């Protein structure tokens, strides 16, 4: 745990949270900055800053816990769909540096704004980008 991390303080019971799920390794709670009613965060109780630092086994279990929370949120708020979002580092839109998944409910004809603008690029440019992966 990190003594400065707000999520670690929630895990330790130092800060109240509106929990929607908890087991031995994970906890999920309503996000204080609700994008939509029911917007929840799923975190491991162990502190890891981001996806790059999280051990693979724990990350796999976190994905399963996130799926479980997505099912709970969808049912409890009668959502038509769920958006799962996971951000890393400042440039990747992360604001709390304890790995977490956002579970955001959505309803038909009431979509949340995407955090990016899609760029449809020509095949030559795409080939140049793809070359970096070879």
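The values are calculated or read from the model by the stated rules, or taken from the named source; none is laboratory data. Just so we're clear, the structure is a prediction, and the values are computed from it rather than from any experiment. Ideal geometry is used to build each Cβ from the backbone, glycine not excepted, and the neighbour counts take in all protein chains shown.
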(1) surrounded by fewer than 16 Cβ atoms within 10 Å (Cβ to Cβ); (2) within 13 Å of the chain's Cα centre (by Cα); (3) outside any helix (DSSP H, G or I); (4) at pLDDT 95 or above: which one isn't true of residue 35, the others all being true? (4)
Number of positions in the stretch 103-125 that are under 18 Å from the mean Cα position of the chain (by Cα), in a loop (DSSP other than H, G, I, E, B) and closer than 16 Å to residue 38 by Cα: 2
Counting only residues that are in a helix (DSSP H, G or I) and free of Cβ contacts under 8 Å to residues at least 40 places away in the same chain, which one in the stretch 70-91 is surrounded by the fewest Cβ atoms within 10 Å (Cβ to Cβ)? 91
By residue number, the members of the stretch 100-114 that are touching a strand residue (DSSP E or B) at 6+ places or on another chain (Cβ under 7 Å) and either farther than 12 Å from residue 42 by Cβ or surrounded by fewer than 13 Cβ atoms within 10 Å (Cβ to Cβ) (or both) are 105, 106, 112
Is there a residue in the stretch 3-16 that is closer than 26 Å to residue 112 by Cα and in a helix (DSSP H, G or I)? yes
Can you tell me which residue is farthest from residue 21 (Cα to Cα) among those in the stretch 44-58 that are out of contact with any strand residue (DSSP E or B) (no Cβ under 8 Å at 6 or more places or on another chain) and without any contact (Cβ under 8 Å) to a residue 40 or more places away in the chain? 52
Just a yes or no: is a residue in the stretch 44-61 over 20 Å from residue 93 (Cα atoms) and crowded, with 19+ Cβ neighbours inside 10 Å? no
Filter the stretch 23-32 down to the residues that are free of Cβ contacts under 8 Å to residues at least 24 places away in the same chain and outside any loop (DSSP other than H, G, I, E, B), then identify the one that is surrounded by the fewest Cβ atoms within 10 Å (Cβ to Cβ). 30
